[in-house]
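J.: Quick one: structure below, then a few questions.
Laboratory data are not the source of any read-out in this text; all were calculated from the coordinates shown. Predicted model, so just to flag it, every value in this text is computed and none were measured. Positions of Cβ are generated from backbone atoms using ideal geometry, with glycine treated the same way; all protein chains shown enter the neighbour counts.
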Amino acid sequence: MAITRVKDGRVVLTGQLSTGTYSGLENRISLFDGKYTTGYRVVDFRIAPKVPSATYEVTAKLSTEPKSAISQFNWQDVQEIAWAGWNFTNSSSDLEYLNIREENMVIEDLWISLYYSAEAIDVNYEIILEKYNFTDWDGAAVIINNLSQAGPN
């Protein structure tokens with residue numbers, strides 16, 4: 001994973017992962033700085049296969065905990081915060097899909113999972129984050145929100 005700082009408070013993460021993984025070290029993006037007064041909001045999330053000219057249908061999601069149901073989106077689960085897709089209809093007019101939970105905030109870890117129904121393929125990702133500072137009480141509330149109301153994975 002490469003980290004590029006665009007400007008103060010904005011971070012761009014880029015990397016490449018294989019599909020079919022969800023809880024390995026390669027899926028974990030550690031954002032925790034040891035304090036509960038710093039958080040990151042996902043503002044953009046994009047994926048593209050290593051070979052974008054092939055007819056892959058890839059899905060991806062970002063979550064605050066690893067999710068084993070990587071082929072499914074669950075918008076009811078507060079731990080899932082962003083969902084992306086590539087080439088859903090195999091036509092050039094619908095190559096990308098993106099949905100980001102408006103009120104997302106990540107303090108500790110961000111997990112990325114990628115799914116393709118056939119063999120494992122390599123997929124590129126780009127995640128753009130905005131950095132926020134807040135009181136430790138607000139940070140505790142974010143952690144509770146990310147964990148207490150989560151649906152099944």
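J.: Grab the Cα-Cα distance for residue 100 and residue 130, subtract it from 0.36 nm times how many residues apart they are, and report the gain in nm with one decimal.
T.: That works out to 9.5 nm of additional length.
J.: Right, something else. Check which residues have an amide H placed less than 5 Å from residue 121's amide H, if you skip close sequence neighbours.
T.: Counting only residues 5 or more places away or on other chains, the set is 19.
J.: Which cross-chain or sequence-distant (5 or more) residues have an amide H under 5 Å from the amide H of residue 65, H modelled 1.01 Å from N in plane?
T.: Here the answer is 111, since their amide H atoms fall under 5 Å of that of residue 65.
J.: Taking the stretch 30-65, which trypsin sites (Lys or Arg not before Pro) meet the DSSP loop condition and have no more than 16 other C-beta atoms within 10 Å?
T.: 35, 50
J.: Mind checking which aspartates and glutamates have their Cα closer than 17 Å to the Cα of residue 50? Skip sequence neighbours fewer than 8 apart in that chain.
T.: 26, 96, 119, 122, 126
J.: Could you give me the ³J(HN,Hα) list for the stretch 117-122, computed from phi with Karplus coefficients 6.51, -1.76, 1.60 and θ = phi - 60°, whole Hz, x at Gly and Pro?
T.: 6, 9, 5, 5, 10, 8
J.: At residue 68 and residue 12, where each label point lies 7 Å from the Cα along Cα→Cβ, what is the point-to-point distance in nanometres?
T.: About 3.7 nm separates the two model spin labels.
J.: Taking GluC sites (Glu not before Pro) that fall in a DSSP loop and have at most 13 other Cβ atoms within 10 Å as cut points, what is the longest piece of the chain between them? Numbers along the way, then the final one.
T.: Details: sites that count: 102, 103, 119.
Between the exposed loop sites, the longest stretch runs 1-101.
J.: Please turn the phi angles of the stretch 60-75 into ³J(HN,Hα) values with the Karplus equation 6.51 cos²θ - 1.76 cosθ + 1.60 (θ = phi - 60°), one per residue in order, whole Hz, x for glycine and proline.
T.: For the stretch 60-75, the Karplus curve yields 8, 8, 10, 8, 8, 9, x, 10, 7, 8, 6, 8, 10, 9, 10, 5 Hz.
J.: Hey, what number do you get for the chain at 222 nm if only DSSP H runs of n ≥ 4 count, each worth -39500 (n - 2.57), divided across all residues, to the nearest 500? Working shown, then result.
T.: Values: 1 runs with 13 residues, N = 153.
So the helix-based figure for the chain works out to -2500 deg cm²/dmol.
J.: Then there is this: How far is helix 136-148 tilted off the main Cα axis of the chain, in degrees rounded to 10, range 0 to 90?
T.: With rounding to tens, the tilt is 40 degrees.
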